[in-house]
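Taken together, the values in this text are just the output of simple stated rules run on the coordinates, not laboratory data. Here the structure is a predicted model, which is why all the values come from computation and not from measurement. Glycine gets a Cβ as well: all are built from the backbone with ideal geometry, and neighbour counts include every protein chain shown.
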Amino acid sequence: MDKYLVVVNDEEQYSVWRSGKQIPTGWHGEGFTGTKDECLEHINEVWTDMRPRSVRNGDR
């Protein structure tokens with residue numbers, strides 16, 4: 001079964017990335033790994049405000 005990891009960027013936006021593949025520049029592992037469905041469920045639980053961090057903080 002394929003394993004995935006949850007990745008997050010500097011704007012605190014989340015995505016799922018296949019384990020073992022190089023994470024794109026600007027993203028880093030968030031610490032959660034599992035099946036794709038498990039990762040998506042985790043993102044659903046932790047990413048409660050989908051606005052980019054800069055918008056939430058009024059940086060723009």
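Things worth noting here:
- Residue count, the range 18-46 (criterion: touching a strand residue (DSSP E or B) at 6+ places or on another chain (Cβ under 8 Å) and farther than 17 Å from Tyr4 by Cα): 1
- Elements of type strands (runs of 3 or more DSSP E) contained in the range 1-58, each with 3 or more residues being among the β-branched types (Val, Ile, Thr) and either in contact with a Leu (Cβ under 8 Å, 6 or more places away or on another chain) or surrounded by 10 or more Cβ atoms within 10 Å (Cβ to Cβ) (or both): 4-9
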